[in-house]
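Asker: Okay, here's the structure, questions in a sec.
The values are calculated or read from the model by the stated rules, or taken from the named source; none is laboratory data. Since this is a predicted model, take the numbers as computed values, not measurements. We place every Cβ from the backbone using ideal geometry, glycine too, and count neighbours over all the protein chains shown.
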Amino acid sequence: MNKKTILSASIMLAGALVASSTFAAEELRLLTWGGYAPKEVIEQFEKETGIKVKVTKSNNEEMISKLKATRGAGFDLAQPSQDRVASAQQDFNIYKPIDLSKIDSSQFISSMLDATRGQSTVDGKVYAVPHVWGSSGLIVNRSIAADVKDYTDLCDSKYAGKVTYRLKRPTLIGFAFAMGEDPFAAYSDPAKYKQIMEKVGMKLTDCKANVKAYWSGGDAMLSLMRSGETVAAMAWDAGGWKLNSDNSDITFVAPKSGALGWIDTFVLPRKTKNEAAAYQWINFVMRPEIAAKITESAGNFTASKGSDKFVDAKKKAQYQESFSASDIDNIKWYPPVPTGLEKIEGKILDRVKAS
Amino acid sequence: MSAVTVAKKIRLGLWLLLAPLFLWLVLLIILPHFELLAFSLIDPEDQGFTFEFYLEFFQEPLYWRTFLRTAVMSILATILTLVIAFPVAFYIAKMLRGRSKGIVFAMCLIPFWVSELVRTFGWMILLRESGVISNFLQWSGLASGPVELLYTDATIMLGLVYTSMLFMVVPLVSTLDSLDDSYIEAGYDLGGSNWDVMREIIIPHAVPGIVSGCIIVFMLSLGNYLTPVLLGGKDSLWFTEQIYTQFITRFNWEQGSAFGLLLLLLSSLIVWAGLKATGQSFTKTMG
């Protein structure tokens with residue numbers, strides 16, 4: 001064989017490889033939270049369907065900003081929280097309605113599916129189905145700060161310099177509830193809402209001396225609590241259970257005024273390129289045994305019917321320790337955020353930070 | 001080939017060579033800035049022309065105070081970097097010869113082979129309450145309890161100076177390198193003291209290096225996002241953080257664009273004022 005034939009043969013081979021890879025490269029671009037698409041689940045999905053899953057980890061604000069920047073392109077499936085679906089759709093038109101007939105609704109806990117459907121309906125079209133749910137509340141080191149029972153207890157001078165929380169909207173809302181207000185009832189009344197938020201802003205300004213640092217990434221909060229640098233925090237339940245597995249003194253506590261409940265959903269970005277794969281993924285991860293694996297990695301329970309059977313006993317025990325039956329009834333579920341409230345909250349948060 | 005065609009070919013070649021730079025400038029720098037400008041001047045509700053987002057900056061004390069704080073801290077960081085980097089650069093350029101010069105220079109460079117994020121996390125491990133320095137102080141008996149060194153303005157300053165050190169050392173070394181040693185010797189021969197030689201010969205020669213180093217460090221500090229956010233405490237406000245918040249958490253692109261352009265304008269103004277105050281011109285420094 002001369003050089004030329006080797007060369008042309010290798011070019012053809014390379015060409016064939018490229019062709020086959022573009023042919024087989026059916027891809028699902030998933031915009032989600034850390035832990036919602038564990039490697040094990042992705043591998044199993046790839047094996048079953050041959051679809052490659054490309055995961056981008058993000059949070060609510062970034063998801064919406066990213067989709068806003070591309071007018072709904074770049075991803076095939078996204079997972080914002082339920083309260084951020086309708087308003088983002090109204091303001092920026094970044095999602096595509098979901099065809100519920102393509103979803104196996106028997107796999108969902110029907111009350112959750114109905115609730116999400118109701119809250120994410122815009123102009124008669126449904127934009128979201130539920131996936132993972134959880135709550136924000138308090139993470140407490142019970143050996144030192146057992147009497148921290150509500151958000152406002154974080155401002156107790158006993159724990160000066162030993163508490164941490166975020167400077168974000170859940171903190172404002174949690175504190176409002178703990179101060180006896182009902183911010184969700186005031187969602188429809190911006191003037192009243194502003195008044196509540198100003199009151200909360202003042203409280204947070206007074207409380208600032210107590211705070212060691214405002215955390216922003218979950219890992220920063222975990223390391224503050226784990227190292228003992230802080231003894232109480234406002235954070236997500238899953239973080240508390242993660243810490244509990246390392247140190248049984250620390251756990252998640254549902255606050256007296258109510259934990260704040262959220263549901264992360266599935267939505268289709270408006271310019272999704274692989275809608276079929278998105279539906280396949282939704283139906284796949286809602287299978288009880290797969291959903292249990294996601295519960296394991298994300299730390300939160302899913303809307304999949306019957307998946308708790310597959311979740312390990314320790315996880316369930318942690319959950320039951322944090323939530324009594326009345327705590328569960330007391331969870332304050334986030335209603336959809338009307339537009340304009342974020343501006344009010346933003347100003348207040350800025351002032352707290354600057355004070 | 002006639003002279004005309006050669007000239008034509010050269011011109012074509014020049015254009016081809018310039019094309020990547022030109023495309024880069026237009027597509028990635030100029031166009032986005034025009035889009036920012038458009039965002040910041042158009043009211044999203046009625047699509048009309050508005051100055052409201054620029055006025056917001058001047059009317060809300062928080063915003064201009066944040067900018068002022070950022071600018072003052074960046075200037076301070078620039079001065080500190082200069083004070084620390086100048087002896088280092090002088091040592092590398094004038095005292096060391098041959099191989100050791102290369103080694104010391106490389107030692108200044110090596111920390112920059114890892115990303116800024118990793119370096120910043122390194123500082124966090126050292127400085128936090130349960131961190132290395134705090135533990136050492138307790139072990140050696142210098143402190144009775146845990147010491148928190150993180151989350152203060154001083155920590156931000158430390159991070160900024162550390163991150164920008166290289167960008168001051170490199171221009172200083174190259175200008176000091178070009179200073180002929182015989183001038184320094186002549187200065188001493190004519191009876192000058194150390195201070196006289198430094199003031200009359202070395203510094204005047206190094207001015208272009210000092211100015212370009214200062215401009216780079218000032219701009220880097222002003223535009224830094226990671227260091228102030230990670231090392232700064234609950235009071236740390238940095239203007240870039242404000243821009244990020246407006247764009248990402250508030251979905252307020254109009255306000256974010258206005259802030260971005262104001263940052264560009266005001267920082268250019270500060271650099272210009274700095275050049276005027278020290279009697280330098282931009283072309284002289286860069287040439």
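Asker: Give me the residue from region B:180-205 that is under 25 Å from the mean Cα position of the chain (by Cα) and aliphatic (A, V, I, L, M) and, out of that set, surrounded by the fewest Cβ atoms within 10 Å (Cβ to Cβ). If you could, list the steps in order and put the result at the bottom.
Answerer: Here is the first cut: in region B:180-205, the ones under 25 Å from the mean Cα position of the chain (by Cα) are B:202-205.
Then drop every residue that is not aliphatic (A, V, I, L, M), which leaves B:202-203.
On the way: B:ILE202: 18, B:ILE203: 12.
My answer is B:ILE203.
Asker: All but one of (1) farther than 20 Å from B:ILE248 by Cα; (2) at pLDDT 90 or above hold for A:LEU67; which doesn't?
Answerer: (1)
Asker: Also: Out of the residues in region A:174-189 meeting the condition of being in a helix (DSSP H, G or I) and surrounded by fewer than 15 Cβ atoms within 10 Å (Cβ to Cβ), tell me which one is nearest to the other protein chains (Cβ to nearest Cβ).
Answerer: Among them, the one singled out is A:SER188.
Asker: Right, next: Give the residues of region A:279-309 that are within 15 Å of A:TRP262 (Cβ to Cβ), touching a strand residue (DSSP E or B) at 6+ places or on another chain (Cβ under 7 Å) and not in a helix (DSSP H, G or I), sorted by residue number.
Answerer: Step one: filter region A:279-309 for residues within 15 Å of A:TRP262 (Cβ to Cβ), giving A:298-303.
Narrowing the set further to residues that are touching a strand residue (DSSP E or B) at 6+ places or on another chain (Cβ under 7 Å) leaves A:298, A:300-303.
Result: A:ASN300, A:PHE301, A:THR302, A:ALA303.
Asker: Can you work out which of the residues in region B:110-138 that are polar (S, T, N, Q) and more than 19 Å from A:LEU224 (Cα to Cα) is nearest to the other protein chains (Cβ to nearest Cβ)?
Answerer: Checked region B:110-138; the qualifying residue nearest to the other protein chains (Cβ to nearest Cβ) is B:GLN138.
Asker: Can you name every residue in region B:236-286 that is in a helix (DSSP H, G or I), within 11 Å of chain A (Cβ to nearest Cβ) and more than 20 Å from B:SER221 (Cβ to Cβ)? Talk me through it step by step, then tell me what you get.
Answerer: Let us first name the residues in region B:236-286 that are in a helix (DSSP H, G or I), namely B:239-249, B:253-277, B:282-286.
Filter once more, keeping what is within 11 Å of chain A (Cβ to nearest Cβ): B:241-242, B:244-249, B:253, B:255-256.
Listed by number, the residues that qualify are B:GLN246, B:PHE247, B:ILE248, B:THR249, B:TRP253, B:GLN255, B:GLY256.
Asker: Does A:GLN107 meet the test of being over 26 Å from A:ALA238 (Cα atoms) and either of a type in the set (Gly, Ala, Ser) or out of contact with any Phe, Trp or Tyr (no Cβ under 9 Å at 6 or more places or on another chain) (or both)?
Answerer: no
Asker: If you don't mind, another one. Could you grab me the full set of residues in region A:194-232 that are of a type in the set (A, V, I, L, M) and more than 14 Å from every other protein chain (Cβ to nearest Cβ)?
Answerer: Passing the criteria: A:ILE196, A:MET197, A:VAL200, A:MET202, A:ALA232.
Asker: Related question: Which numbered condition trips up A:ILE51, out of (1) surrounded by 15 or more Cβ atoms within 10 Å (Cβ to Cβ); (2) within 14 Å of chain B (Cβ to nearest Cβ); (3) touching a residue at least 60 places away in the same chain (Cβ under 8 Å)?
Answerer: Exception for A:ILE51: condition (2).
Yes/no per residue for (1) basic (Lys, Arg); (2) without any contact (Cβ under 8 Å) to a residue 60 or more places away in the chain; (3) on the phi < 0 side of the Ramachandran plot:
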{"position": "A:GLN90", "(1), (2), (3)": "no, no, yes"}
{"position": "A:ASN93", "(1), (2), (3)": "no, no, no"}
{"position": "A:LEU100", "(1), (2), (3)": "no, yes, yes"}
{"position": "A:ILE103", "(1), (2), (3)": "no, no, yes"}
{"position": "A:ASP114", "(1), (2), (3)": "no, yes, yes"}
{"position": "A:VAL122", "(1), (2), (3)": "no, yes, yes"}
{"position": "A:HIS131", "(1), (2), (3)": "no, no, yes"}
{"position": "A:VAL140", "(1), (2), (3)": "no, no, yes"}
{"position": "A:ALA145", "(1), (2), (3)": "no, no, yes"}
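Asker: On to the next question. If a residue has to be surrounded by 20 or more Cβ atoms within 10 Å (Cβ to Cβ) and at pLDDT 90 or above to count, how many in region B:232-244 make the cut?
Answerer: 4
Asker: Can you spot a residue in region B:213-227 that is part of a loop (DSSP other than H, G, I, E, B) and either within 14 Å of another protein chain (Cβ to nearest Cβ) or in contact with an Asp or Glu (Cβ under 6 Å, 6 or more places away or on another chain) (or both)?
Answerer: Looking for residues that are part of a loop (DSSP other than H, G, I, E, B) and either within 14 Å of another protein chain (Cβ to nearest Cβ) or in contact with an Asp or Glu (Cβ under 6 Å, 6 or more places away or on another chain) (or both), one finds at least one in region B:213-227, hence yes.
Asker: Given the conditions (1) touching a residue at least 12 places away in the same chain (Cβ under 8 Å); (2) surrounded by fewer than 17 Cβ atoms within 10 Å (Cβ to Cβ); (3) over 28 Å from B:PHE86 (Cβ atoms), report the number of the one that B:LEU265 does not fulfil.
Answerer: Result: B:LEU265 passes all but (1).
Asker: Based on what the data block shows, is A:GLU198 more than 28 Å from A:TRP241 (Cβ to Cβ) and touching a residue at least 60 places away in the same chain (Cβ under 8 Å)?
Answerer: It is true that A:GLU198 is more than 28 Å from A:TRP241 (Cβ to Cβ) and touching a residue at least 60 places away in the same chain (Cβ under 8 Å).
Asker: A follow-up question, please. Given the conditions (1) buried (at least 19 other Cβ atoms within 10 Å of the Cβ); (2) out of contact with any strand residue (DSSP E or B) (no Cβ under 8 Å at 6 or more places or on another chain); (3) part of a loop (DSSP other than H, G, I, E, B), which single one is not true for A:SER248?
Answerer: (1)
Asker: Output the number of residues of region B:77-124 satisfying the condition of being assigned to a loop (DSSP other than H, G, I, E, B) and either farther than 13 Å from B:TYR162 by Cβ or outside the structural domain of B:TRP238 (by TED's automatic domain parsing) (or both).
Answerer: 3
Asker: Could you please find all residues in region B:145-162 being under 24 Å from A:VAL211 (Cβ atoms) and either free of Cβ contacts under 8 Å to residues at least 12 places away in the same chain or part of a helix (DSSP H, G or I) (or both)?
Answerer: As a first pass, look at region B:145-162 and keep what is under 24 Å from A:VAL211 (Cβ atoms): B:145-160.
B:GLY145, B:ASP153, B:ALA154, B:THR155, B:ILE156, B:MET157, B:LEU158, B:GLY159, B:LEU160 - these are the residues of region B:145-162 that are under 24 Å from A:VAL211 (Cβ atoms) and either free of Cβ contacts under 8 Å to residues at least 12 places away in the same chain or part of a helix (DSSP H, G or I) (or both).
Asker: Mind checking whether some residue in region B:63-72 is away from every other protein chain (no Cβ under 14 Å), outside any helix (DSSP H, G or I) and surrounded by 11 or more Cβ atoms within 10 Å (Cβ to Cβ)?
Answerer: Taking every residue of region B:63-72 in turn, none turns out to be away from every other protein chain (no Cβ under 14 Å), outside any helix (DSSP H, G or I) and surrounded by 11 or more Cβ atoms within 10 Å (Cβ to Cβ).
Asker: Just to confirm my filter: which helices (runs of 4 or more DSSP H) fall fully inside region A:310-355 and include at least 3 residues that are within 11 Å of another protein chain (Cβ to nearest Cβ) and touching an Asp or Glu at 6+ places or on another chain (Cβ under 9 Å)?
Answerer: Answer list for region A:310-355: A:341-354.
Asker: Give the residue, chosen from A:LYS212, A:LYS208, that is free of Cβ contacts under 8 Å to residues at least 60 places away in the same chain and either outside any strand (DSSP E or B) or not aliphatic (A, V, I, L, M) (or both).
Answerer: Result of the check over A:LYS212, A:LYS208: A:LYS212.
Asker: Scan (1) in contact with a helix residue (DSSP H, G or I) (Cβ under 8 Å, 6 or more places away or on another chain); (2) assigned to a helix (DSSP H, G or I); (3) not aromatic (Phe, Trp, Tyr) for the single condition B:PRO44 breaks and write down its number.
Answerer: For B:PRO44, the exception is condition (2).
Asker: Please go through region B:78-118 and give me each residue that is in contact (Cβ under 8 Å) with a residue 24 or more places away in the chain and loosely packed, with under 11 Cβ neighbours inside 10 Å, ordered by number.
Answerer: Within region B:78-118, no residue meets the criteria.
Asker: Can you tell me which condition A:THR339 does not meet? The list is (1) surrounded by fewer than 16 Cβ atoms within 10 Å (Cβ to Cβ); (2) farther than 25 Å from A:PHE75 by Cα, and all the others hold.
Answerer: For A:THR339, the exception is condition (2).
Asker: Now, a different point. Can you confirm whether region B:228-235 contains a residue that is within 14 Å of chain A (Cβ to nearest Cβ), among the charged types (D, E, K, R) and touching a Leu at 6+ places or on another chain (Cβ under 9 Å)?
Answerer: yes
Asker: With the requirement that a residue be farther than 18 Å from A:ILE173 by Cβ, assigned by TED's automatic domain parsing to the domain that holds A:TRP215 and in a helix (DSSP H, G or I), what does region A:100-155 give you?
Answerer: Residues satisfying the conditions are A:ARG142, A:SER143, A:ILE144, A:ALA145.
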